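Attaching a single structure in structure tokens format; questions to follow.
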Amino acid sequence: MSAGPVREVVPSSGAGLRMRVARSALGGAGVLLAASTAVWPTKVVAVRVPEVGDFTKGYEQLIWSWGREVVYTSDGVLLDAFSGPDPVPRLILLVTVLVLAAAGLLVGVVRAGRRGELCAAVGTSLALATVTASVVERWSVDDRTIGLQPGLVVVTTTVGWLEVASVVLLTAALAALLVPVLLPRVAAALSRRMGDVMARLRGRAVVEAAAPPPVATLLEPGSIGSGEVPAVGFSDLPPSTGPDGGAAPRPGPGG
């Protein structure tokens, strides 16, 4: 007797949706940071301390992650300086990979199950490989060897550091996608631990919110010569309760 086709059981709980949104948010942030490299340069090569009379005074070369190079001359003229092949195909590849990664992450949010996770994992892997290759190339090439100027320095721009942050975020998103599949026991243990911590925090917040605030009680001074000192204090007991927890004595007819 043959069994029927096995259907994939996908939990539709709110916890699963929150997990998918969190993973896609990590990957989406990495994609957005990587997209900034398509517009702004990641590295600047400049002559900071030129020699007297050097014709390269004011020389500054801006380098993009996808290969574009622009040179500002001493008189402010902007020139394209290509030291390699045409960078436009690399720009098209970068934009295409980032668009595919964003589409895969979006599918991972709206579609639960293995298919959505596969789309998100493939898109995130492509983006991570592309951006990581750019970072490794930038760090492994010493652009100071292009000239013999003693004051030639290499500066990583803000967008260059955003590219590094993009690698970190994309790695975290890919790990969040692969760990539940490759290491289900570890993922289940981490999920239980996080659930316990969140439940403990929610319980503590509920207890603190339900606790009554302290009541300020003005203690009347004793009679003259009794040696009692008037004071103002805080008490958790209601106003009708005495200091020992019993009912407060009512004053007599003469009191």
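Suppose R0 equals 35 Å. What FRET efficiency, 1/(1 + (r/R0)^6) with r the Cβ-Cβ distance, do residue 178 and residue 40 give to the nearest 0.05?
The formula returns an efficiency of 0.65 here.
Jot down the per residue volume, in cubic angstrom and as a whole number, of the convex hull over the alpha-carbon atoms of region 89-148.
Cα-based convex hull of region 89-148, divided per residue, equals 69 Å³.
Right, here's the next one. Amide H neighbours of residue 43 under 5 Å, counting only residues 5+ apart in sequence or on other chains, H built in-plane at 1.01 Å?
Result for residue 43 returns 63, 157.
HN-Hα J couplings of region 29-35 from phi, Karplus 6.51/-1.76/1.60, θ = phi - 60°, integer Hz, Gly and Pro as x?
5, x, 5, 5, 5, 5, 5
Any read-out appearing in this document is the output of simple, stated calculations on the displayed coordinates, not a laboratory observation. For clarity, every value in this text was computed on a predicted model and none was experimentally measured. Neighbour counts are summed over all protein chains in view; Cβ atoms, including those assigned to glycine, are modelled from backbone coordinates with ideal geometry.
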